[in-house]
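The values are calculated or read from the model by the stated rules, or taken from the named source; none is laboratory data. These numbers were taken from a predicted model, which means no experiment stands behind them. Counting neighbours? That spans all protein chains shown, and the Cβs are built from the backbone with ideal geometry, glycine included.
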Amino acid sequence: MSFATVISGSIRELSFFRLRRSVVLGIKSLWMHKLRSFLTALGIVFGVASVISMLAIGEGASFEAQQQIKDLGSQNIILESVKPSNTTTAGEQERSLILEYGLTYKDISQIQATVPGVEVTIPSRQVKDFLWNKSSSVDGIALGTVPWFPMMKNRDILRGRFFTDMEMDDRSPVCVLTASLSRNLFPLDEPIGKTVRMQTSYFRVVGVVEDDRAIAAAESEIEGSGENSDGMEMMIPITTLEDHFGEVLFKYRSGSFEAEKVELHEVTARIEKPEQVMPAAQAIQHILERNHKDIDYKMTVPLDLLQRAERTKQIFNIVLGSIAAISLLVGGIGIMNIMLATVTERTREIGIRRALGAKKKDIIFQFLIETVILSGAGGLLGVGVGLAIPMLVTHFAEMVTIIQFWAPTLAFTISVAIGVLFGIYPAFRAADMNPVEALRHE
Amino acid sequence: MPESEAALTASAQQDEPVSSSQSGADDPVIELRGVEKHYQMGSFVVKALRGVDLKIFPGDYMSILGPSGCGKSTMLNILGCLDQPSVGEYLLDGVDVAQLPDDHLSSVRGKKLGFIFQSYNLIQQLTVLENIEVPLYYQGFTEKESREISVPLAEKVGLVARSDHKPTELSGGQQQRVAIARALANDPSVILADEATGNLDSKSGGDILEIFDQLNADGKTLIMITHDETMADRTSRVLRLKDGEIAFDTNVHGR
């Protein structure tokens, strides 16, 4: 008797009421051994719960990572100037007092001219020094940039406004503070309209933008840099920056003296279409390799990071999924084990039922139903536990967890499928018993 | 158990079965023709039945007697369609069931045969009524239809007050009466009883035998397997088996 014919036969004779009676009978039989049934179902409970909670935790973790990358702008290519390490510094520069490195206006114009699909570039320069409000100071950065900076960088303006094209053309001494800088310099006051001093220049505050959490988080993840000036940014028109601080930057730190000449600290290029991002990144890489002898720049392609994160997430999901699947498998084996014991224990009942007119498929169906009830109940309980665990994780570990609507459905379906799969063998064993011997069984 | 006694007031009509059996005795309900049963025991072949020819007629009240090892159990298994003969024909209601496939045998058992076992064989997790309804369940009766049959049967065996009890809450005699009700549920052509009073004290056993008498008086065909001579005395026909053959048959019909 093949499984297919049994199932098709059962389905043909299956009315709702018959199924209901079979389920009631199954529950009665399982209820005879409450503890045993509960412990058996527990294997499935943990399997299902681990599937759901692992998926939720994995989904949450990758969501957080992707969100950080998306904050950088998936159509952006970010170029940064990096001070070359001493070993790679060419001899001629060593003789010069002024360290010259980084991205130049020439790079930008070449990129704009030759790379297809480059929409806008946001050049920016920065000067690191103390920022003053009257007598209180913060170690921070003056960031010279362009008016469309917040739009391109996905950064909201919290108060006031950003500086305008006209202010850039006029080289006006206006500035926009990041939220954390504003909090540090003006803990109690309204910052807008106040002035902030850096070195000998004064800037009028016109607005406050939100912190760049993405960069801060990404940098701390990649390099683990813990400089206090991170995020303490005062944004001013790039023209104003040039006027006030010149091309060469002097730094007096801890008694030592350092001079640097950096034309641009950061350039963000926005690419028109998403599919152009990767080719454009390669083209930019070529231009920079040609223009720079030393690697004094760093290129970040958020889309690339995103794709890599996507791949990591896939691997993560496969690993978590396998672990969860193994626990479900273990649960299934537990169920099969108990059902085999149950079948042996109820040999006599099987004999009685066969004597009273039960066909083999009736017996198969009865035991299959019992297994499915066991695993289904375990699955249902597991869904409950599985929904609770991510909440606890979120509450206590402060991790983002995301429960996809299909995850509980999938886990429950798998648990029922496991009931069927691991119920087949015990059920067939029950049905294949010789009625005469089954009746004689003590 | 006043109900049961009330139901069995007709037990005095013990001489009646003969007449009832004669009235419906046109065709045998069971006919065995040259039935043999062989078992393979290692390299030996054991012949448990060696060519049994037997006719059982509707309304017969028959006991099958014999020492252990004479083939009684084999006989019961074959008559009960739990096992199939190695050689020979078995006609049940005129249909040869000797070589039917398993599913058909199940239907035959469910529709035409009622079983009463020595150890009652009730299903522990089911109540009295549910136990009576088990054969009906496999014949596709609905819950409502089953209830309409099981309640009167519980009444008939005097257990209506204990309808919702589990077997473990009943005495042996009561359990056996549930088993009788269960055997009657499908209105079978033949009721097979295997040492039905073997586990009971003489009082309860007597009650059960009275029910059997009453059933036979109502026209049921009963076959009792026993080793108890006193039981055989109650039945109208006695068959003695010895070494797998019929040694003696009080075939009252002479056919």
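Some observations on this one:
- Selection of region B:116-158 for residues being in contact (Cβ under 8 Å) with a residue 60 or more places away in the chain, within 24 Å of residue B:195 (Cβ to Cβ) and more than 10 Å from chain A (Cβ to nearest Cβ) yields B:116, B:118, B:156, B:157, B:158.
- Reported count of residues in region B:203-255, each being over 23 Å from residue B:77 (Cα atoms), part of a loop (DSSP other than H, G, I, E, B) and touching a helix residue (DSSP H, G or I) at 6+ places or on another chain (Cβ under 7 Å), is 2.
- Tally of residues being of a type outside the set (Gly, Ala, Ser) and either buried (at least 16 other Cβ atoms within 10 Å of the Cβ) or at the interface with chain A (Cβ under 7 Å from one of its Cβ atoms) (or both) across region B:94-115: 11
- Of all the numbered requirements in (1) at the interface with chain A (Cβ under 8 Å from one of its Cβ atoms); (2) not hydroxyl-bearing (Ser, Thr, Tyr); (3) not in a helix (DSSP H, G or I), residue B:70 misses one, and that requirement is (1).
- Taking the listed residues B:160, B:87, B:178, B:95, the one that is within 25 Å of residue B:226 (Cβ to Cβ) and not polar (S, T, N, Q) is B:178, with no other qualifying.
- Residue in region B:145-158 that is out of contact with any Pro (no Cβ under 8 Å at 6 or more places or on another chain) and within 19 Å of residue A:28 (Cα to Cα) present: yes
- Scanning region A:41-58 for residues that are of a type outside the set (A, V, I, L, M, F, W, C) and surrounded by 24 or more Cβ atoms within 10 Å (Cβ to Cβ) yields a total of 3.
- Pairs where the first residue, in region A:328-356, is more than 8 Å from chain B (Cβ to nearest Cβ) and the second is outside any helix (DSSP H, G or I) and at pLDDT below 95, C-beta under 6 Å, 6+ apart: A:347/A:441; A:350/A:433
- Count - residues of region A:115-136 that are closer than 25 Å to residue A:195 by Cβ and touching a residue at least 12 places away in the same chain (Cβ under 8 Å): 11
- Test: residue in region A:376-390 that is within 14 Å of another protein chain (Cβ to nearest Cβ) and aliphatic (A, V, I, L, M): no
- Each residue in region A:278-329 was checked for being hydroxyl-bearing (Ser, Thr, Tyr) and part of a strand (DSSP E or B), and 2 of them qualify.
- Taken across region A:286-296, residues that are more than 30 Å from residue A:437 (Cβ to Cβ), within 28 Å of the chain's Cα centre (by Cα), away from every other protein chain (no Cβ under 14 Å) and not small (Gly, Ala, Ser) do not occur at all.
- Region A:90-203 holds no strands (runs of 3 or more DSSP E) entirely within its bounds that carry 3 or more residues that are of a type in the set (A, V, I, L, M, F, W, C), surrounded by fewer than 15 Cβ atoms within 10 Å (Cβ to Cβ) and in contact with an Asp or Glu (Cβ under 7 Å, 6 or more places away or on another chain).
- Screening residue A:382 on (1) touching a Phe, Trp or Tyr at 6+ places or on another chain (Cβ under 6 Å); (2) buried (at least 19 other Cβ atoms within 10 Å of the Cβ) shows it passes everything except condition (1).
- Within region B:211-248, the residues that satisfy the criterion of being surrounded by fewer than 18 Cβ atoms within 10 Å (Cβ to Cβ), among the acidic types (Asp, Glu) and out of contact with any Lys or Arg (no Cβ under 6 Å at 6 or more places or on another chain) are B:218, B:228, B:229, B:233, B:243.
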